[in-house]
Every structure is written in structure tokens, then in C-alpha cells.
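Only one structure is covered here, and it is reproduced in the block below.
Where a number appears in this text, it was derived from the coordinates with a stated rule and is not lab data. Computed from a predicted model, the values in this text were never measured in an experiment. Positions of Cβ are backbone-derived with ideal geometry, glycine not excepted, and every protein chain shown enters the neighbour counts.
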Amino acid sequence: MTNATAPSPEQVRLIDGKAIAAQLVEQTRQEVEEIAAAHGAAPGLAVVLVGSDPASEVYVGRKIAQCRKAGIRSVEHRLPADTDEGALLALIDEMNADPAIDGILIQLPLPKGIDASLVLDRILPGKDVDGFHPVNVGRLSSGTGGLVPCTPLGIMMLLDTVIADYRGLNVVVIGKSNIVGKPVSMLLLEREATVTVTHIETRNLPDIARQADVIVAAAGAPQLVRGYWVKPGAVVIDVGITRITDPDGRTRLVGDCATNELGHAAAVTPVPGGVGPMTIACLLSNTVRAARMARDA
Ligand code: GUN
């Protein structure tokens, strides 16, 4: 447990999420073309933003821009923060019934006063490109198909670039969220990794992390994972993204890991440019999957 020879960031082997995501977007664009040629219309994605959370505005803008790149038709619904829950449910019913809409994404978090689980449960499971509907959650945990949440899917694709066989690997997931921690644990279990899910109440987290062949850091805690938490040769996936202010007043984005201390890791995802672009690319590929399922039905 020493920091005496803290490596420079240049020594850290980075997994280029931006490049891998660009490949997936291109592959998705080709599939969109095939679907459009065969069925006369490209897949359609509806994105709903309620309120004006600044981070959500950025994410929704990026999702729409990537749809355009892949040739997916996108429909954007921007609703005021005081939108009535009933009106949102009625919009979902309308989109559920619209054959031109293959995927529905409700950007989270929703404003206070709207019951997120009521809203997410209203989306037809076949159009639930976020994979948050209980039917899709159940399918994921029983390993029986369904639409899988985008960030965990993207994490697996990044890991697949450096890991061929997960059987018996020790994976420590930091964070037990429904969006990342729990679903990625299910995907890793499917590959027969030994998965430890940790959270805010976990004791001796650095000691547990140090046992890991793979760490998935999804705590939303800036630079939580330090160099001495990581065993030499481990692979580290950094899901966090937080804007911090340095002592000189400048701001920058950091992840859940102190990346510049991870020169001894086998590979690390950068922030930004790691998991984030994969999440959006997987949203596009989920939309194509949903479109295929609808057309084959
Ligand atoms: N907010 C943060 N991450 C996500 C996500 O993956 N999907 C949606 N809909 N909202 C989010």
C-alpha cells in the first residue's frame, strides 16, 4: 500500500470507449439501413425529458444527436417540471400504441412528485430500451433475454475488449443502483464471474476491492477508488462522472477512480470518453433490437 511511485497518467492503459462506441454506432447505422430497406421505415426512438435538469439536458441532446448519426428517427418530448403524472402516463400510452415508435426513453431523474416506478412500469416491455421495466429486470436476472440496461451493456462490451473468459474472475462492483450496479452484476454472473456487490454500508471496501480482477466503480463518488485499492493487473471500469472544482477555481470532469494512480492496472476506462459514449451507443443498438422484435412479432 504505497503511493511512492505514483505513475503518470500517460502510463495508464486506457480503454477507448469513444472509438468502440463509434464502431457500434456505425454497425447500428448499417442495421438501421437494412430495416428501413426491408420495412419502408427506419426504427424510431421517443425521448422524454421532464423538467430542465442541466445534466439531463446534455444527455438527451447527445442521445438525439447520435440517433441522427445512426439514421434512427427520434421524437423528442420536453415537458415542464410541473407536468402532471397522469399526463405523462397518457403520453406513454400514446407512444405504446404508435407503431412508428420502437423505443421509449424517459430520462431520469424525474421531478419530485412523479412516481418513477409507476411511469417506467407503464412502458411496454418490448419498447423499454432502457431495460428498466420489471419484466426486463426479471428476464435479466433469470438470464432469459429481454432488453438490457444500456450502461451495463456498454460496460460488458468494454470489458470484452480485454477479457476473453470471465469464469471464476473476482469482480467487485462498487454501487448497487438499479441502473448500473445490480444489472451489471447479473451480466457478470451470466459469464460465471464471482461477483461481489458493495455499497455505501460496505465495510473494508479498499480490502475487498484489492481482491478484484475487475473493478466496476459506479458509486458516483469522485475519485473514491485510489491506487492502493487496485491489485496490479486488474481491469478497472469507471462509471462515475462528476464535475469538480480545483483549488485554482477551474472545473473538470472526474470519475469514481483516481485514474492517475492506476498505472499498475491492466486497463482503465477514461472519464470522459469511456463508459459514457457506450451508454448512448447501446441505446441505439437496443432501439434496433426493439424494432427487430416488433417487426418479427
Ligand atoms: N439517467 C441516468 N442514466 C440514465 C439512463 O441510463 N437512462 C435514463 N433513462 N435516464 C438516466
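Taking square-rooted eigenvalues a ≥ b ≥ c of the alpha carbon gyration tensor, is segment 147-297 rounded, prolate or oblate, where a/c under 1.5 means rounded and, failing that, a/b exceeding b/c means prolate?
Because a/c hits 1.5 or more and a/b fails to exceed b/c, segment 147-297 counts as oblate.
Which net charge results for the neighbourhood of HIS39, defined as the other residues with beta-carbon distances under 13 angstrom from its beta-carbon, given Lys and Arg at +1 and Asp and Glu at -1?
Taking every other residue near HIS39 into account, the sum is -2.
For segment 46-96, what class follows from the C-alpha gyration tensor (a ≥ b ≥ c being the square roots of its eigenvalues): rounded when a/c is under 1.5, otherwise prolate if a/b is larger than b/c, else oblate?
Oblate is the answer for segment 46-96, as a/c is 1.5 or above yet b/c matches or exceeds a/b.
Rounded to the nearest 20 debye, what is the charge dipole size of the chain about its Cα centre when +1 sits on each Lys and Arg Cβ and -1 on each Asp and Glu Cβ?
480 debye
Suppose a student asked you for the relative contact order of the chain, using Cα pairs under 8 Å spaced at least 6 residues apart; what percent would you report?
Reported relative contact order: 24 percent.
Please list the equivalent ellipsoid semi-axes of the chain, computed as the square roots of five times the alpha-carbon gyration tensor eigenvalues, in descending order and whole angstrom.
Semi-axis lengths for the chain are 34, 21, 19 Å.
Starting from segment 218-297, pick out the trypsin sites (Lys or Arg not before Pro) whose DSSP state is loop and whose Cβ has at most 16 other Cβ atoms within 10 Å.
Passing sites in segment 218-297 are ARG226, ARG250.
How much net charge surrounds ALA22 when only other residues with a Cβ under 14 Å from its Cβ are counted (Lys, Arg +1; Asp, Glu -1)?
Value of the local net charge: +2.
Would you mind telling me which residue in LEU187, LEU283, LEU91 has the biggest mean-square fluctuation in a Gaussian network model of the chain, where springs connect alpha carbons within a distance under 10 angstrom?
Highest fluctuation of the listed residues: LEU91.
What's the local net charge at GLY113, with K and R +1, D and E -1, over the other residues with C-beta under 12 Å away?
Charge balance in the 12 Å sphere: -3.
What helices in the chain pass both tests, a Cα length along the helix axis of 27 Å or more and a mean Kyte hydropathy of 0.0 or higher, using whole DSSP H runs?
For the chain, where a helix must reach 27 Å along its axis and average at least 0.0, the hits are 275-296.
Let me make sure I get this right: for segment 223-297, a, b and c are the square roots of the gyration tensor eigenvalues over alpha carbons, sorted descending. Under 1.5 in a/c it's rounded, otherwise prolate if a/b > b/c, else oblate. Which is it?
Oblate, since a/c reaches 1.5 and b/c is not below a/b.
With a 10 Å radius around each residue's Cβ, average the other Cβ atoms per peptide and rank 204-211, 129-136, 59-66, 273-280, highest first.
Output ranking for 204-211, 129-136, 59-66, 273-280: 273-280, 129-136, 59-66, 204-211.
Go through segment 166-202 and name the trypsin sites (Lys or Arg not before Pro) that are in a DSSP coil and have 15 or fewer other Cβ atoms within 10 Å of their Cβ.
Taking segment 166-202 and a limit of 15 other Cβ atoms within 10 Å, the loop trypsin sites (Lys or Arg not before Pro) found are ARG167.
With a 4.7 Å Cβ cut-off, tell me which Cys residues in the chain come up empty for a partner.
Flagged as lacking a Cys partner: CYS67, CYS257.
Ratio of segment 1-131's C-alpha Rg to 2.2 N^0.38 Å, to two decimals?
Segment 1-131 yields a ratio of 1.35.
Of all DSSP beta bridges located in the chain, what percent are antiparallel, nearest 5?
Once the DSSP bridges in the chain are tallied, antiparallel ones form about 10 percent.
Below 8 Å, C-alpha to C-alpha, sequence gap of six or more: please give me the relative contact order for segment 88-230 in percent.
Once normalised by length, the contact order is 18 percent.
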